[in-house]
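Below: one structure, written as structure tokens.
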Amino acid sequence: MNNVLPSITVLSAMLSSFAFAMEPVDNETSLNMAIKQANRDSSVASIVLKKDAVISLTSPIIYTGKQALSIEGNGAVLNGEKSGTYDEFYDKEEKSNNRSNK
């Protein structure tokens, strides 16, 4: 009985990451959440965009995971014209971290 609870916990975590990765992404928030999940969890191998979704980005999306990651577009459009640049994003993050550390 003592081994059952840890096994259920591990199985639940595996299934939740799989289910999360399988939910169609339809906006910037859900795309960021899916990328962050893939960055943390190497079992996430695919992100599926909702069919014909139009996703406007206001900041860069940065994938840092170690596993191969596929994004199934399904005719979706990612509009990044207001997302800024990689350098702007990291300059802003660095300034924010420096203020927090003082």
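See the values below:
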| quantity | calculated |
| --- | --- |
| Every pair of residues 6+ apart whose Cβ atoms lie under 8 Å, when the first sits in segment 46-60 and is more than 13 Å from residue 29 (Cβ to Cβ) and open to solvent by less than 70 Å² (accessible area, probe 1.4 Å) while the second is outside any loop (DSSP other than H, G, I, E, B) and small (Gly, Ala, Ser) | 46/21; 46/70; 47/21; 47/34; 47/38; 47/70; 48/21 |
| Candidate set: segment 4-28, residues that are at pLDDT below 95 and closer than 27 Å to residue 75 by Cβ; chosen: the one surrounded by the most Cβ atoms within 10 Å (Cβ to Cβ) | 21 |
| Any chance residue 31 is at pLDDT 95 or above and under 18 Å from the mean Cα position of the chain (by Cα) | yes |
| Selection count where residues are touching a Pro at 6+ places or on another chain (Cβ under 6 Å) and part of a loop (DSSP other than H, G, I, E, B), scope segment 19-65 | 1 |
| Qualifying positions in segment 61-76 - of a type in the set (A, V, I, L, M) and surrounded by 12 or more Cβ atoms within 10 Å (Cβ to Cβ) | 61, 62, 69, 71, 76 |
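This table checks each residue for (1) in contact with a helix residue (DSSP H, G or I) (Cβ under 7 Å, 6 or more places away or on another chain); (2) at pLDDT below 95.
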residue: 52; (1), (2): no, no
residue: 57; (1), (2): yes, no
residue: 60; (1), (2): yes, yes
residue: 67; (1), (2): no, no
residue: 80; (1), (2): no, yes
residue: 88; (1), (2): no, yes
residue: 96; (1), (2): no, yes
residue: 99; (1), (2): no, yes
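The values are calculated or read from the model by the stated rules, or taken from the named source; none is laboratory data. Nothing here was measured: the structure is a model prediction, and the numbers come from that model. Cβ: placed from backbone, ideal geometry, glycine included. Neighbour counts: every protein chain shown. To get the accessible areas, we keep the full protein, side chains included, count just its heavy atoms, and leave off ligands, DNA and RNA. Shrake-Rupley method; radii C 1.70, N 1.55, O 1.52, S 1.80 Å.
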